[in-house]
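Okay, structure first, notes after.
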Amino acid sequence: MKAEPWSWLVLVPLLVTSCMSTPVGATPIIPAPDTLMPPSTIAKPTRAPSPTPEPSSTPTPVPTATTVPTATPENQIFRDDFTGALQPGWTWENENPERWTFTPDGWLQILAEDTALLYGQIQSNTLWRDLPEGDFAITVHLKADPVANFQQAALYIFENLDNYVAINRGFCGPCSTGGNEVYMEYKINRQGGAYMVPYHGTDLYLRLESKANALSGFYPGSPDQWARLGRFGNYSSFRRVGIGASNCDREGDDNVDLAGLFDYFEMTRL
């Protein structure tokens with residue numbers, strides 16, 4: 001997005017050294033004594049006077065090109081490309097500095113731990129910021145390869161543990177779709193539910209929209225088109241938006257930790 005859902009040639013100078021010498025066994029040619037001219041009779045070359053140099057003209061200054069910064073899209077509220085530092089306004093909750101980092105190619109990597117926000121637990125390394133007012137859309141580009149039950153890398157809209165919405169790339173063997181999926185999970189006034197669709201890709205875009213008092217979740221139905229996963233209304237107000245990853249390891253098994261990689265996070269006004 002890097003991502004919405006893309007050599008150096010070192011020239012080493014080559015120094016060549018040439019040596020010239022008289023061939024071995026050759027006799028040098030020396031003029032006979034009677035052909036040598038005394039120094040006084042050797043004609044001296046006449047040196048022509050050096051021409052007077054033309055006055056050099058003052059070069060015309062060439063203006064230096066100025067780099068024009070890329071204009072911020074009119075409807076963009078906030079964007080973070082995670083290139084080595086967080087933009088102002090983020091807050092870590094339950095931060096574990098040893099479990100998150102910026103990758104050299106510009107991704108925020110969160111290495112999941114077992115506790116999960118979506119199961120009412122204290123989840124580590126959840127990154128939050130305030131939601132804007134009015135209608136908005138929030139989009140993330142992420143990579144995740146969940147391989148064990150309930151692992152997920154997610155985008156959350158959150159009020160409290162009884163009122164939230166999350167769209168995530170996860171894994172659920174017992175679910176009706178049988179494993180790799182995109183989920184839109186929610187709990188409104190303590191009543192929970194979920195939408196889900198099979199999805200085997202590990203590099204994808206996720207989006208949540210709040211418009212006209214309805215919340216919708218989207219995933220990439222095709223490379224250049226969104227597909228709506230779920231939609232509902234009559235929800236309470238939400239204050240925060242966040243991203244995170246969890247193993248959701250309710251079974252206590254020793255599975256590989258999920259790495260959630262976030263390329264960018266963007267909020268736009270609708």
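Worth a mention:
- The dipole here belongs to region 76-269: it is taken about the Cα centre, uses +1 on the Cβ of Lys and Arg and -1 on the Cβ of Asp and Glu, and is about 780 debye.
- For THR126, distant residues with modelled amide H under 5 Å away: GLU93
- Report note on the peptides 108-119, 193-204: ranked by the mean count of other C-beta atoms within 10 Å, highest first, their order is 108-119, 193-204.
- Couplings 3J(HN,Hα) of region 159-164, computed from phi: 10, 7, 5, 9, 8, 7 Hz, in residue order, whole Hz [Karplus 6.51 cos²θ - 1.76 cosθ + 1.60, θ = phi - 60°; x for Gly and Pro].
- Sorted by Cβ neighbour density within 10 Å, fewest at the top, the residues ARG129, ARG269, ARG207: ARG269, ARG129, ARG207
- For region 121-270, the residue among PRO220, GLN191, TYR264 whose Cα projects farthest onto the positive side of the dipole built from Cβ charges is GLN191.
- Protection proxy ranking for 237-245, 75-83, 156-164, using the average of other Cβ atoms within 10 Å per residue and placing the highest first: 237-245, 156-164, 75-83.
- Neighbour counting of Cβ atoms within 10 Å sorts the residues TRP92, TRP100, fewest neighbours leading, into TRP92, TRP100.
All of the numbers you see were taken from the coordinates with simple rules; none came from a lab. Treat the numbers as computed from the prediction; the structure is a model and nothing was measured. Here the Cβ is made from the backbone with ideal geometry for all residues, glycine too, and neighbour counts use every protein chain on show.
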